[in-house]
Amino acid sequence: MARRGEARRARDRDQGPGRDAARQGGRRPRARDDPRPRPGVRAARALPRLRLRGREGGSRGLRREAEARLQGPLTLSRFVEPPRLRTAAGEDVDERRATWLELFFDLVFVAAVGQLANALSSHPTFPRFLGFVAVFVPVWWAWAGFTFYANRFDTDDLPYRLLTLLGMFLVAVLATTVRSVFDGHSSGFVVAYLGVRVILLVLYERARRHVPEARRLTAIFLVAFGTATGFWLGSLALPAPARYWLWGVALVLELGAPLLAWRQLPTAPIHPRHIPERFGLLTLIVLGESVLGVVLGIAHVPWGAASGAAAAAGFVAAAALWWIYFDFLDETTISARGLVGGLTYTYMHFFVVVGLAAMGAGVKLAIFAAGGQGRYDDTSWILCAGLAMTMVGLAAIQLVTPPVLLDADVALRLGTVVAALALVPFGLSPLVVALVLAGLLVAQVAYELLEHEEHAGAVSRPAPRV
C-alpha cells in the first residue's frame with residue numbers, strides 16, 4: 001500500500017489532476033542535478049546557436065523579437081523621425097540611391113507629361129506649342145521641388161510618406177486638368193498646383209524646425225514659395241490673360257528661390273550622386289514618351305514603307321539620345337563646378353525634358369503624316385523644335401563640365417541645334433525630317449564613341465540600384 005501511494009503521488013505530480021496538490025509537499029529534497037523544474041518555475045529553454053540574417057536564435061529569435069516589439073508601447077513616435085540633413089558629416093553619402101517611393105513619384109509626374117504631349121499632338125499649332133512649354137514649367141518645377149527636398153531632408157518616416165503620397169495624388173489631379181488649361185478653363189489646374197505647393201511648404205516647415213543648420217535656407221524657401229503661392233491663389237480671382245501674368249510672377253519667385261538663397265546653399269549641400277540619378281531617371285522615363293509616340297503613331301495608321309520608316313527613325317532618334325545622355329553627359333557637373341555648375345545642371349534639365357516630350361509628340365505626328373493623314377504634313381517643325389531644345393540643354397550642361405571631355409561635344413550639340421532649326425523653313429515632309437534628324441544623332445554618337453573611347457568607361461553611368 002505504501003508503494004502504491006508513492007506511485008500515485010509521483011503520477012499525480014507529473015501528469016495527474018492532483019499534481020498541484022502533490023507539489024505542495026510530501027516530496028523528498030531534489031538532488032542537485034535533478035532535471036525537473038522547481039515548483040512554480042518554468043524551465044528556460046536553451047537558445048540554439050543559429051544565426052538568421054544576423055540575429056541570434058534563428059527563426060525563434062525572430063519570433064521573440066517580433067513579440068517583444070508587439071508588446072512594446074504602440075505610440076506615434078515609433079513612426080516619426082524628424083527631418084535631418086542627409087548630406088551632413090557622418091551621413092553615408094556614398095550609398096544614397098533612389099527609393100521606391102521616388103520611382104513611384106516619377107511615374108505620376110510622367111502621367112502629367114504624357115497629357116501635355118497629347119495636348120500638343122492633338123492641336124499642333126505654334127500657339128499650342130508655346131502653351132505646352134509654359135504649362136510644362138510648373139509641372140517640372142513641382143517635381144524638382146519634391147526631389148530637392150528629399151535629397152536634403154528625407155528620413156522616409158510616416159509623415160513624409162503620407163505627405164508625398166498626397167502630393168502624388170494632387171499631381172495626378174493636375175494631370176487631368178492639363179488639357180483644360182488650353183481651352184481656357186484653368187481653375188482646376190491652379191487649385192491642384194496650389195495643393196502641391198502647400199504640401200511642399202509643410203515639408204520645409206518641418207525641416208526648418210528640426211534642422212538648425214539649414215534654418216536660414218529653409219526660411220528663404222518658405223518666404224519665396226509662400227509668396228508665390230499667394231500669387232497663384234490670387235490668380236483665381238482674375239480672368240485670362242491677367243491670370244497668366246500672375247502665374248508668370250509666381251513662377252519667377254519659385255524658380256528664383258535658389259538664387260535668392262545663394263549664400264545659404266552651401267549650408268545644406270545636395271547629394272552629388274543622388275540628384276544626377278534622379279534627373280537621369282526622369283529623363284529616361286520622359287524619353288520613353290518618344291517610344292510611346294512610335295507605338296501610338298503606328299497603332300493608328302496602316303503599316304507601310306513610309307509609316308515604318310518614320311517609326312524606325314523615331315526609335316533610332318530616341319536610342320541615340322539615350323546614348324548621348326547616359327554615356328557622354330558628365331554628371332560631375334552638379335558638384336565639381338560649385339553653385340554655378342549645380343544650378344546650370346538643374347535649370348538646363350528643363351530644356352532637356354521638355355524637348356524630349358515635344359519630340360515624342362513630333363514622332364507621333366510624323367508617323368501620322370507618313371501613314372497618309374495629310375493634315376499633319378506641316379508638323380515637322382515640332383520635331384525640330386523638340387530636338388533643338390534638348391540639345392540646347394545638353395550643350396549648356398556640357399559648357400560647365402570639368403575638362404574631362406573635349407570642347408567638340410559642345411560644338412556637336414550646338415551644330416545639331418542649328419541643323420534642326422535650319423530644316424524648318426524648307427517645308428520638308430515629317431518623314432524626311434525624321435530621317436535626317438535620326439541620321440544626325442547617329443553620326444554624333446558614332447563620332448563621340450570614336451573620339452572619347454578612353455573616357456567612355458568613366459563617363460557612362462551605371463544603372464541605379466534601388
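The values are calculated or read from the model by the stated rules, or taken from the named source; none is laboratory data. In this text, all values refer to a predicted model and were calculated from it rather than measured experimentally. Here Cβ is always computed from backbone atoms with ideal geometry, including for glycine, and neighbour counts include all displayed protein chains.
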Among the residues of the range 210-250, the number that are over 24 Å from the mean Cα position of the chain (by Cα), closer than 23 Å to Phe153 by Cβ and free of Cβ contacts under 8 Å to residues at least 24 places away in the same chain is 4
From the list Ser307, Ser290, exactly one residue is of a type in the set (Gly, Ala, Ser) and over 25 Å from Val108 (Cα atoms). Which is it? Ser307
The condition from (1) without any contact (Cβ under 8 Å) to a residue 60 or more places away in the chain; (2) not assigned by TED's automatic domain parsing to the domain that holds Gly226 that Gly256 misses is numbered (2)
With touching a helix residue (DSSP H, G or I) at 6+ places or on another chain (Cβ under 6 Å) and modelled with pLDDT of 95 or more as the only criterion, which of Phe328, Phe351, Phe368 stands out? Phe351
Given the conditions (1) in a helix (DSSP H, G or I); (2) of a type outside the set (A, V, I, L, M, F, W, C); (3) more than 20 Å from the chain's Cα centre (by Cα), which single one is not true for Tyr345? (3)
Name, by its number, the condition in (1) out of contact with any Pro (no Cβ under 6 Å at 6 or more places or on another chain); (2) crowded, with 21+ Cβ neighbours inside 10 Å; (3) aliphatic (A, V, I, L, M) that does not hold for Ala207. (1)
Restricted to the range 331-348 and to residues being among the β-branched types (Val, Ile, Thr) and buried (at least 21 other Cβ atoms within 10 Å of the Cβ), the residue modelled with the lowest pLDDT is Thr333
Which of (1) part of a helix (DSSP H, G or I); (2) surrounded by fewer than 18 Cβ atoms within 10 Å (Cβ to Cβ); (3) of a type in the set (A, V, I, L, M, F, W, C) is the odd one out, the single condition Ala240 does not satisfy? (1)
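Okay, residues lined up against (1) surrounded by fewer than 19 Cβ atoms within 10 Å (Cβ to Cβ); (2) among the hydroxyl-bearing types (Ser, Thr, Tyr); (3) touching an Asp or Glu at 6+ places or on another chain (Cβ under 7 Å):
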position: Arg128; (1), (2), (3): yes, no, no
position: Ala144; (1), (2), (3): no, no, no
position: Thr147; (1), (2), (3): no, yes, no
position: Leu166; (1), (2), (3): yes, no, no
position: Leu201; (1), (2), (3): yes, no, no
